[in-house]
Protein chains: 2
Amino acid sequence: MAKGVNLKELSHRLNLSQTTVSRALNGYPEVSAETRRRVAEMADQLGYAPNSQARRLATGRSMAIGHVIPRSIHEMMNPIFLEFIAGAGETYSKHGYDMMLSVVDDAYEEDAYRQIASRKKADGVIVHGPANDERRHLLLKKLNLPFVVHGRIPGAETETSWIDMNNRRAFERATNLLLDLGHTRIALLNGLEHMDFAHRRRRGFEDALAARGLSPDPALLRSADMTEPYGCENALAMLGGDNPPTAFLVSSMISAIGVARGIGQMGLKTGKDVSIITHDDALSFLPNSGEVPIFTCTRSSVRYAGQKAAELLLAMITDPASEPASLHMDAELIIGQSTGPAPARESQNIAAEN
Amino acid sequence: MAKGVNLKELSHRLNLSQTTVSRALNGYPEVSAETRRRVAEMADQLGYAPNSQARRLATGRSMAIGHVIPRSIHEMMNPIFLEFIAGAGETYSKHGYDMMLSVVDDAYEEDAYRQIASRKKADGVIVHGPANDERRHLLLKKLNLPFVVHGRIPGAETETSWIDMNNRRAFERATNLLLDLGHTRIALLNGLEHMDFAHRRRRGFEDALAARGLSPDPALLRSADMTEPYGCENALAMLGGDNPPTAFLVSSMISAIGVARGIGQMGLKTGKDVSIITHDDALSFLPNSGEVPIFTCTRSSVRYAGQKAAELLLAMITDPASEPASLHMDAELIIGQSTGPAPARESQNIAAEN
DNA sequence: GGACGCTTTCAAAGCGTTTTGGAAAAATAT
DNA sequence: ATATTTTTCCAAAACGCTTTGAAAGCGTCC
């Protein structure tokens, strides 16, 4: 309704001191029920809302969480990231925090963190997409800026707070499923393997193979940005080769869709001639959740991860003395239409079947 | 380096007043070159960075742009949105602005705008995904909060600042291309038509048909959230019907991929048996840009739109007296592999061919 | 009837900037 | 040598809130 009413004006109208009004509004105990009521009423009537800059200056807390994202679009700056953000944003709103996004040139990423710390732009940050040679956590520790990692930083698992899915285990289980179905020539279309999550997925894949005495064929391993054409092109190339795979393990639904397209173009049938298992981040615009999902998948809600990461961070900010905490989530393995038994070709030597 | 140096401390070390130091750092003219140099040097050495909250309070400008996004995921909260955000974010960083994202329950959307205004959380906002019965602009005008619309608000085109692509014309041209190729049974898989952009696309489609004396078959019109299954399911349903379409006009690459999948499942070939034209927002993880793109498309970079919208808004904030401005962009019509002449079936009456 | 405790209120001092209104110093003009 | 302008700097007042430290009011206990 009314505009520009500040605390001074409001307290003046009430014949009260700013102190009392402030206390009344912020729920401090040392103010009588009657005054509190009066204050609330008048505040409502005049449409008073505290200026956030002033409050932030006075309290020394910025009530904002920073997310810095490098401008170049790699693995991270993709729909998965958005879904995570959405989840985190919900939590922030619920707790009265703001979300601050900084899109910066790659070269200025470190600078962005420094500024957040020195100019007090945020009370904490979320670190996205940790790489194998991650260093951001060192900087953040130095800056004394609370943070939570989405993913894990190799070698720093115990000294940082993070939330991650069990990537290794998910891909191990997926690979086992394919092996159980009789597939032995399995292609892995992974994300960029300098990223921690992709690295772990690779390990899960290899571990599962190794457990059955198999080792991956380098000709069937790929690592790249998870686009749709990436899936299609590699499916075409591999299926057109002399010793084609009978199954694909894919790191992202988007690429899996590409693989399916490639399979179709070769005149083959997904789930019959060639199997696909993909990881499914439960993105809202790529639902894979029918009664029988299109893709057999390992599924883990990245939106949920966002919510939890935010909660973790907020708790850290509230209690700075708290120990690093972490949340390790297991992905569900969900059977869909894209997998089936390995086609019986020139009987490959699958001896160790039980 | 050093931490917690504030202006007082810094000026003390320099034997200068806060005024002078502030002026030197902010590039005001009334300070000698020599002092400016000294100040800069010491500031650098002590790692001084002005506290943003304090600065904001003093200047009365929050140096932030707000984006409020309702929590429910409709047309908007999708990768297209992210790409727009990325574009806008680049511009903000370049100009020293922060981006503030608010993810709120749908019921609190209006509240979010009110808070941004009353608590001075942002100097302006971007309005995303205007609907046919849009009302947010009225609220924002009342709140006196500068804003730029991504898209157009029907009926308020001249009194608001906006940036949009020419949706109607893009779909008109796309439809004409199909008509020129001999297609007359064209399906339209549109976005949610209570959104302005979808509504315009529909009009472009209908106008093109009407110009050739044709009218759309209601059985071939769909409007929904632009997911992948949406494309596939409708392709299957329509192609399985008695009078199937020979071409699909689709509002999003994601759904177009679904359509292609459906076509494949029917044992048909995209670009030969059935044509597809889609709108392509130039999303980074869905490249459609090979020498001959997979999909014939109308293309318009939504990231660029984000940059421009941000520039527009920043200009409005700098000069509040400025008139509403707008940017109307035409989409490119790009020929890819997904279109071809209409298959000669039981010779439909295509008389008006020239 | 004074000391004590409890509740309720307040004046004033921050928080860390920018900005206003001068003033001292230096340069230029008369 | 004095008057006038220009350059360079400063002390203090915002900005709008929270918080500290103190005091007023009031009932109660010896």
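Residues that are within 17 Å of B:LEU312 (Cβ to Cβ), crowded, with 22+ Cβ neighbours inside 10 Å and without any contact (Cβ under 8 Å) to a residue 40 or more places away in the chain within the stretch B:62-121 comprise just one, B:MET99.
Report yes if B:ARG212 is assigned by TED's automatic domain parsing to the domain that holds B:LEU286, open to solvent by 30 Å² or more (accessible area, probe 1.4 Å) and not hydrophobic (A, V, I, L, M, F, W, C), otherwise no. In short, yes.
Farther than 25 Å from A:GLY60 by Cα, more than 13 Å from DNA strand D (Cβ to nearest atom), in a helix (DSSP H, G or I) and polar (S, T, N, Q): does that describe B:THR35?
No: the conditions fail for B:THR35.
Residue-by-condition table, conditions (1) aliphatic (A, V, I, L, M); (2) under 27 Å from the mean Cα position of the chain (by Cα); (3) within 11 Å of chain B (Cβ to nearest Cβ); (4) in a loop (DSSP other than H, G, I, E, B):
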residue: A:TYR230; (1), (2), (3), (4): no, yes, yes, no
residue: A:ILE254; (1), (2), (3), (4): yes, yes, yes, no
residue: A:HIS279; (1), (2), (3), (4): no, yes, no, no
residue: A:ILE294; (1), (2), (3), (4): yes, yes, yes, yes
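When each of A:ILE65, A:ILE85 is tested for being more than 12 Å from DNA strand D (Cβ to nearest atom), among the aliphatic types (A, V, I, L, M), closer than 19 Å to A:ILE116 by Cβ and more than 9 Å from chain B (Cβ to nearest Cβ), the lone residue that passes is A:ILE65. Filtered by the rule that a residue be farther than 21 Å from B:VAL127 by Cβ and surrounded by fewer than 24 Cβ atoms within 10 Å (Cβ to Cβ), the stretch B:289-312 gives B:SER289, B:GLY290, B:GLU291, B:VAL292, B:PRO293, B:ARG299. Just one of the listed residues (B:LEU249, B:LEU188, B:LEU181) is in contact (Cβ under 8 Å) with a residue 40 or more places away in the chain, more than 14 Å from chain A (Cβ to nearest Cβ) and touching a Lys or Arg at 6+ places or on another chain (Cβ under 8 Å), namely B:LEU188.
The set of residues from the stretch B:94-122 being within 12 Å of chain A (Cβ to nearest Cβ) and of a type in the set (Phe, Trp, Tyr) comprises B:TYR97, B:TYR108.
Scan the stretch B:20-32 for residues that are within 12 Å of DNA strand D (Cβ to nearest atom), open to solvent by less than 80 Å² (accessible area, probe 1.4 Å) and over 25 Å from A:ARG56 (Cα atoms) and the total you get is 4.
Going by the conditions given, is B:ASP164 touching a His at 6+ places or on another chain (Cβ under 7 Å) and either without any contact (Cβ under 8 Å) to a residue 60 or more places away in the chain or not in a helix (DSSP H, G or I) (or both)? Answer is yes for this residue. Without any contact (Cβ under 8 Å) to a residue 40 or more places away in the chain, surrounded by 13 or more Cβ atoms within 10 Å (Cβ to Cβ), within 11 Å of DNA strand C (Cβ to nearest atom) and more than 27 Å from B:ASN144 (Cα to Cα) - does that describe any residue in the stretch A:36-47? Yes, the stretch A:36-47 has at least one match. Evaluation of A:ALA58 against the conditions (1) open to solvent by 20 Å² or more (accessible area, probe 1.4 Å); (2) more than 10 Å from every other protein chain (Cβ to nearest Cβ); (3) more than 26 Å from B:GLN307 (Cα to Cα) shows that the sole unmet condition is (2). Residues in the stretch B:75-92 include at least one that is out of contact with any helix residue (DSSP H, G or I) (no Cβ under 9 Å at 6 or more places or on another chain) and at pLDDT below 95.
The number of residues in the stretch A:123-144 being within 14 Å of chain B (Cβ to nearest Cβ), of a type in the set (A, V, I, L, M) and more than 20 Å from the chain's Cα centre (by Cα) comes to 2.
Given the condition more than 30 Å from B:LYS141 (Cβ to Cβ) and away from chain A (no Cβ under 11 Å), answer yes or no: does some residue in the stretch B:299-322 qualify?
yes
Identify, please: which residue in the stretch A:155-200 is among the aromatic types (Phe, Trp, Tyr) and open to solvent by less than 40 Å² (accessible area, probe 1.4 Å) and is, among those, farthest from A:ALA331 (Cα to Cα)? Looking at the filtered set, the residue picked out is A:TRP162.
Summed over the stretch A:256-277, the residues that are more than 30 Å from A:ILE126 (Cβ to Cβ), modelled with pLDDT of 90 or more and assigned to a helix (DSSP H, G or I) give a count of 4.
Residues that are in a helix (DSSP H, G or I) and either within 19 Å of A:GLY96 (Cβ to Cβ) or open to solvent by 40 Å² or more (accessible area, probe 1.4 Å) (or both) within the stretch A:5-19 comprise A:LEU7, A:LYS8, A:GLU9, A:HIS12, A:ARG13, A:GLN18, A:THR19, listed in sequence order. Is it true that some residue in the stretch B:313-328 is part of a helix (DSSP H, G or I), surrounded by 22 or more Cβ atoms within 10 Å (Cβ to Cβ), in contact with a Gly (Cβ under 6 Å, 6 or more places away or on another chain) and in the same structural domain as B:THR91 (by TED's automatic domain parsing)? The answer is yes, given that some residue of the stretch B:313-328 is part of a helix (DSSP H, G or I), surrounded by 22 or more Cβ atoms within 10 Å (Cβ to Cβ), in contact with a Gly (Cβ under 6 Å, 6 or more places away or on another chain) and in the same structural domain as B:THR91 (by TED's automatic domain parsing).
The values are calculated or read from the model by the stated rules, or taken from the named source; none is laboratory data. Because the structure is predicted, anything quoted here is derived from the model rather than measured. A quick note on method: Cβ atoms are made from the backbone with ideal geometry, for glycine too, and the neighbour counts reach across all protein chains shown. Note: areas computed on protein heavy atoms with side chains; ligands, DNA, RNA excluded. Shrake-Rupley method; radii C 1.70, N 1.55, O 1.52, S 1.80 Å.
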